[in-house]
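Colleague: My structure is below; once you've seen it, I'll send some questions.
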Amino acid sequence: MKIRLLMPAADPASPLQFTVSMLIDDHIAIDTGGLSYLGSIDAQKQVEHLFLTHSHLDHVGGLPLFLDNIFQPGLDCPDIYAGEATWQAIETDLLNDRIWPDLNRLTGDELAFYHKHILDAHRPVQVGEYQITPIPLEHVVPTLGYVIQTAQSSVLMAWDTAPFVEFESIVTSIPNLKAIFLDASFPDELQWLAERSMHNTPGRFKRMVEKVPDDVRLIATHLKPAYYDQLVEQLNGLELPNLEIACRETIYEF
Ligand SMILES: [Zn+2]
Ligand SMILES: [Zn+2]
């Protein structure tokens, strides 16, 4: 599988991760950070399956724009998957005719902007050759990470999380685990803020990955832009041979 991180910046040379989202083989996406800014409408229309982690703005803020970009009466609309609490926030706080139009009201029964799917943790969804399993993370609102598996490889993505209970069992039980995209939001000096907002620091990151084999790529994501340089220095200082900082230019192949 080929993965791209969609992390938009008005200045394309900027390494900063203002918002994060993931595109898998052009037709599956996780979160909407950069989805609605993907270069062409055709590329956005190719995304037929969108999985959301949680209701925070940097993850769902692009959803109304994405749906607006690709809507065309008579054409099929995307399947969108999220946990119940995330759906509730989207439908009451976002698509509520104030922040953005209530899309279901606009289209009525005969058309649709999206097909709604409610996820339960640990219940996998099969999308073609991909099995996608939601994993409960530790964050201030109900949040899901995802294990994405094909016959050849598996990847874990877990951003917007503090260390979470199931990390170790996933790492030891998932076959062909090739990479972990893992939260590294705040520098060690802001441990208090990481604790209150339920995110990772490099120190917590290191403790989490202690038992991860060296051949699993560790990709640090969700670095808060204001602390980017400090975070990169602290993450590199961990001296983990398999650690890399998430990069929008990289095509991750597994
Ligand atoms: Zn976030
Ligand atoms: Zn969040």
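The values are calculated or read from the model by the stated rules, or taken from the named source; none is laboratory data. What you see is a predicted model, and the numbers here were worked out from it, not measured in a lab. Backbone-built Cβ (ideal geometry, glycine too); neighbour counts: all protein chains shown. Remember, those area values only see protein heavy atoms, side chains included, never the ligands or the DNA or RNA. Shrake-Rupley method; radii C 1.70, N 1.55, O 1.52, S 1.80 Å.
Colleague: Of ASP79, ASP42, which residue is free of Cβ contacts under 8 Å to residues at least 12 places away in the same chain, more than 16 Å from ligand 1 (Cβ to nearest atom) and open to solvent by 10 Å² or more (accessible area, probe 1.4 Å)?
Modeller: The match here is ASP42.
Colleague: Kindly indicate the residue of the stretch 3-20 that is within 16 Å of ligand 2 (Cβ to nearest atom) and open to solvent by less than 70 Å² (accessible area, probe 1.4 Å) and also nearest to the chain's Cα centre (by Cα) among those meeting that condition.
Modeller: Ranking the candidates gives VAL20 first.
Colleague: So, one more: Out of the residues in the stretch 24-39 that are of a type in the set (A, V, I, L, M) and either open to solvent by 10 Å² or more (accessible area, probe 1.4 Å) or free of Cβ contacts under 8 Å to residues at least 24 places away in the same chain (or both), which is nearest to ILE80 (Cα to Cα)?
Modeller: Going through the stretch 24-39, the residues of a type in the set (A, V, I, L, M) turn out to be 24, 28-30, 35, 38.
With the extra rule that they be either open to solvent by 10 Å² or more (accessible area, probe 1.4 Å) or free of Cβ contacts under 8 Å to residues at least 24 places away in the same chain (or both), the set shrinks to 29, 38.
On the way: ALA29: 10, LEU38: 18 Å.
So, considering only residues that are of a type in the set (A, V, I, L, M) and either open to solvent by 10 Å² or more (accessible area, probe 1.4 Å) or free of Cβ contacts under 8 Å to residues at least 24 places away in the same chain (or both), the one nearest to ILE80 (Cα to Cα) is ALA29.
Colleague: Could you tell me which of the residues ASP42, ASP31, ASP11, ASP93 is of a type in the set (Asp, Glu) and closer than 23 Å to ILE148 by Cβ?
Modeller: On the way: ASP42 fails: closer than 23 Å to ILE148 by Cβ; ASP11 fails: closer than 23 Å to ILE148 by Cβ; ASP93 fails: closer than 23 Å to ILE148 by Cβ.
ASP31 is the lone residue from the list that is of a type in the set (Asp, Glu) and closer than 23 Å to ILE148 by Cβ.
Colleague: Which residues, taken from the stretch 135-168, are surrounded by fewer than 21 Cβ atoms within 10 Å (Cβ to Cβ), among the aliphatic types (A, V, I, L, M) and within 16 Å of ligand 1 (Cβ to nearest atom)?
Modeller: VAL140, VAL141, ALA162, listed by residue number.
Colleague: For the stretch 166-180, state whether one or more residues are touching a residue at least 40 places away in the same chain (Cβ under 8 Å), more than 13 Å from ligand 2 (Cβ to nearest atom) and either touching an Asp or Glu at 6+ places or on another chain (Cβ under 7 Å) or at positive phi (or both). Walk me through it before giving the result.
Modeller: Going residue by residue through the stretch 166-180, those that are touching a residue at least 40 places away in the same chain (Cβ under 8 Å) are 167-168, 171, 178-179.
Narrowing the set further to residues that are more than 13 Å from ligand 2 (Cβ to nearest atom) leaves 167-168, 171, 178-179.
Of the ones still in play, those that are also either touching an Asp or Glu at 6+ places or on another chain (Cβ under 7 Å) or at positive phi (or both) are none.
Checked against the condition, which is being touching a residue at least 40 places away in the same chain (Cβ under 8 Å), more than 13 Å from ligand 2 (Cβ to nearest atom) and either touching an Asp or Glu at 6+ places or on another chain (Cβ under 7 Å) or at positive phi (or both), the stretch 166-180 yields no hits at all.
Colleague: Could you run through the stretch 171-187 and say how many residues are open to solvent by 10 Å² or more (accessible area, probe 1.4 Å) and either β-branched (Val, Ile, Thr) or farther than 23 Å from LEU16 by Cβ (or both)?
Modeller: Of all residues in the stretch 171-187, those open to solvent by 10 Å² or more (accessible area, probe 1.4 Å) come to 171-178, 186.
With the extra rule that they be either β-branched (Val, Ile, Thr) or farther than 23 Å from LEU16 by Cβ (or both), the set shrinks to 171-178.
So the count comes out to 8.
Colleague: Looking only at helices (runs of 4 or more DSSP H) that lie completely in the stretch 46-142, which have at least 3 residues being under 21 Å from the mean Cα position of the chain (by Cα)?
Modeller: Per the criteria, 57-60, 63-70, 84-89.
Colleague: Next question. Is there any pair with a first residue in the stretch 143-154 that is farther than 11 Å from ILE24 by Cβ and a second that is small (Gly, Ala, Ser) whose Cβ atoms are under 7 Å apart and which are 6 or more apart or on different chains, and what are they?
Modeller: LEU144/GLY83; LEU144/ALA121; GLY145/ALA158; VAL147/SER154
Colleague: Identify the residue in the stretch 146-190 that is assigned to a helix (DSSP H, G or I) and in contact with a strand residue (DSSP E or B) (Cβ under 9 Å, 6 or more places away or on another chain) and, among all such residues, is modelled with the highest pLDDT.
Modeller: The residue in question is PHE167.
Colleague: Looking at (1) within 19 Å of TYR146 (Cβ to Cβ); (2) at pLDDT below 95; (3) small (Gly, Ala, Ser), can you tell me which one GLY74 breaks?
Modeller: (1)
Colleague: Answer yes or no as to whether THR86 is surrounded by 15 or more Cβ atoms within 10 Å (Cβ to Cβ), within 16 Å of ligand 2 (Cβ to nearest atom), hydroxyl-bearing (Ser, Thr, Tyr) and modelled with pLDDT of 95 or more.
Modeller: Yes, satisfied.
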